[in-house]
1. Does region 60-79 contain any residue that is part of a helix (DSSP H, G or I) and in contact (Cβ under 8 Å) with a residue 60 or more places away in the chain?
2. Among the residues of region 100-135, what is the count of those that are farther than 23 Å from Glu146 by Cβ and modelled with pLDDT of 75 or more?
3. Before we move on, is Ser41 open to solvent by less than 50 Å² (accessible area, probe 1.4 Å) and polar (S, T, N, Q)?
4. Look at region 36-63 and say how many of its residues are hydroxyl-bearing (Ser, Thr, Tyr) and more than 16 Å from Arg16 (Cβ to Cβ).
5. Residue under question is Ser33, and the condition is that it be loosely packed, with under 12 Cβ neighbours inside 10 Å and of a type outside the set (Lys, Arg); does it hold?
6. Six or more apart or on different chains, Cβ atoms under 6 Å: show the pairs whose first residue is in region 9-21 and open to solvent by less than 50 Å² (accessible area, probe 1.4 Å) and whose second is basic (Lys, Arg) and in a loop (DSSP other than H, G, I, E, B).
7. Condition (residue is within 26 Å of the chain's Cα centre (by Cα) and modelled with pLDDT under 70) applied to region 76-89: is it met by at least one residue?
8. If you go through region 48-61 one residue at a time, how many are touching a Lys or Arg at 6+ places or on another chain (Cβ under 9 Å) and open to solvent by 30 Å² or more (accessible area, probe 1.4 Å)?
Amino acid sequence: MSESRTRWDRQKGESRKAYADFLVYRDLGLTRSLAEVARRSRKHVSLIERWNKRWDWVGRADEWDAYEQQLADEALRRQIDERAERHARTADALLGVGIKILDRLNMQLDEVDKQGKPTQRVTPRAALLAVEAIKVGRLIMGEPTERLDGIPVLRIIIEDSSRVPTPGSA
């Protein structure tokens, strides 16, 4: 037998029938019982008990469970990482949109109508779009969005954006 075999593989000297019943036992998961293996395989429970003891079904099934859990954990970690990457790309795109809106509006601040009133104002929505994109990006990177005193790190940006002076104001 190869060195790379695991404990849940067929063991040296283990019969095909004993291994087949071990697989039934292993795959029962949380509902594992020797009586259920005996019922499903139509064998006497005393034979199943002997095989269980001789071939350490409990230990082998425990190792199988740990292996399966490790695979599930790794798959979940990959999904979390992929989702974080997607969220980061989305946050970057939103930030880009917010910055473009703010830049366009800032360029138009100097434009006034015939009465001297600004033709365009910086809207809090544009500023909030940029702030929310920054916040999502910070969260994805595990950075804080609030200080220990509970005041949002980005609150000043929101407050300042609503106070942007426009031509004719002040």
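1. Going residue by residue through region 60-79, those that are part of a helix (DSSP H, G or I) are 60-79.
Subset that is in contact (Cβ under 8 Å) with a residue 60 or more places away in the chain: 67.
Yes: one or more hits.
2. Of the residues in that region, 1 qualify.
3. Working: open to solvent by less than 50 Å² (accessible area, probe 1.4 Å): yes; polar (S, T, N, Q): yes.
Judged against the criteria, Ser41 is a match.
4. 1
5. Numbers: loosely packed, with under 12 Cβ neighbours inside 10 Å: no; of a type outside the set (Lys, Arg): yes.
The answer is no for Ser33.
6. Tyr19/Arg10
7. So far as region 76-89 goes, no, none of its residues is within 26 Å of the chain's Cα centre (by Cα) and modelled with pLDDT under 70.
8. Filtering region 48-61 for residues touching a Lys or Arg at 6+ places or on another chain (Cβ under 9 Å) gives 51, 56-61.
If we keep only those that are open to solvent by 30 Å² or more (accessible area, probe 1.4 Å) as well, we get 51, 56, 58.
Number satisfying all stated conditions: 3.
The values are calculated or read from the model by the stated rules, or taken from the named source; none is laboratory data. None of these values were measured; they are calculated from a predicted model. Don't worry about glycine lacking a Cβ; one is built from the backbone with ideal geometry, like all the others, and counts go over all protein chains shown. These area figures cover heavy atoms from the full protein model, side chains too; ligands, DNA and RNA do not enter into them. Shrake-Rupley method; radii C 1.70, N 1.55, O 1.52, S 1.80 Å.
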